[in-house]
Amino acid sequence: MADDATRSPFERPPTEDSTSHPIETWQLTPTNSRLLRGLLYASWTISGGFVVLLATLSAFLALEGAVPSRAGSMPGLTVVVVVALVVTLAGFGWLLTRLVRCRHGRTFLRLRAPEPSDPTRSVVEHAPIRSLVAFAGVGAVIHAGGFALVLSLERSSFWYLLPVGAVYAILVAVRWWLPTASRLTDDVLVVTSFPHEGAAGSRWFGTLETTLEIDRASIQRVRARSLGETTLVWLDRGRSASVVAAVPPSVRDRLEG
């Protein structure tokens, strides 16, 4: 529901020449938006899958060397691969759990795996560890199958890496630059992507914040597509550049009204 959208702790006070009071403020994150949660899981499946694949390969080589007699046959290789994957996923889950439970670990995760729509928390803090481990495992299996396919066709591994890398780049770009924290007044719509935490520049990502103030009178047409409790709006401003933002359905209704 739109009324359940979390109030944004990152909103800036109205500018000095503005007398309008906010009609509505919101901050969409993977916790309260299935669209952002889907983007998180999709990008994590790709990136976490590569990490797990490399770790599984290392575990496989170690296990194969430890049990050469069993690893010689195809059934034996399959068993070693499965064991290596299980061991890797268990270790991956244990590591993430340890990081989330300690203050320094959470700080490390926010630097290495920040959640663009909520800089006060990391990607890992926005999703259950079991889900992240499961998606990383699925990603590892998909990557292994993709590499096996292109190698069986006698193609370079880049035939798999390039399209997957392009998809990952698109997912990351959308997650980082789609405005999800915003404020609406009678006269102005303020949209923000990757809002900073506290004072500007207090963290490295403070310089990445993009905020745009849109005069509501300049909006000539509003196109919207609802995705559950999140609505993507395309604001046509004539000669000015169009703006795409994620908003609660109630805000779409106000913009269209």
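The values are calculated or read from the model by the stated rules, or taken from the named source; none is laboratory data. Predicted model, so just to flag it, every value in this text is computed and none were measured. Here the Cβ positions follow ideal geometry from the backbone for every residue, glycine too, while neighbour counts run over all protein chains shown. Surface accessibility is based on the protein's heavy atoms, side chains included, excluding ligands, DNA and RNA. Shrake-Rupley method; radii C 1.70, N 1.55, O 1.52, S 1.80 Å.
Convex hull volume per residue, computed on the Cα atoms of the stretch 58-163, equals 132 Å³. For the residues Glu64, Glu213, Glu229, a 1.4 Å probe over the protein chains yields an accessible-area ranking, largest first, of Glu213, Glu64, Glu229. The residues of the stretch 205-253 expose on average 54 square angstrom of accessible surface per residue, using a 1.4 Å probe on protein heavy atoms. Computed from backbone phi with θ = phi - 60° and the Karplus coefficients 6.51, -1.76 and 1.60, the 3J(HN,Hα) list for the stretch 186-194 is 4, 10, 9, 10, 10, 10, 9, 10, 6 Hz; x is used for glycine and proline.
Under the criterion of Cα pairs below 8 Å and six or more residues apart, the relative contact order for the stretch 102-154 equals 20 percent.
Once the Cα-Cα distance is subtracted from the 0.36 nm per residue extended length, the Arg155 to Val79 segment shows a gain of 24.6 nm. In the stretch 78-228, a dipole from Cβ-located charges (positive for Lys and Arg, negative for Asp and Glu) runs towards its positive end, and of Thr88, Tyr160, Leu212 it is Thr88 whose Cα lies farthest in that direction.
Taking 0.36 nm per residue of separation and subtracting the Cα-Cα distance, full extension of the segment from Val100 to Ser226 would add 42.0 nm.
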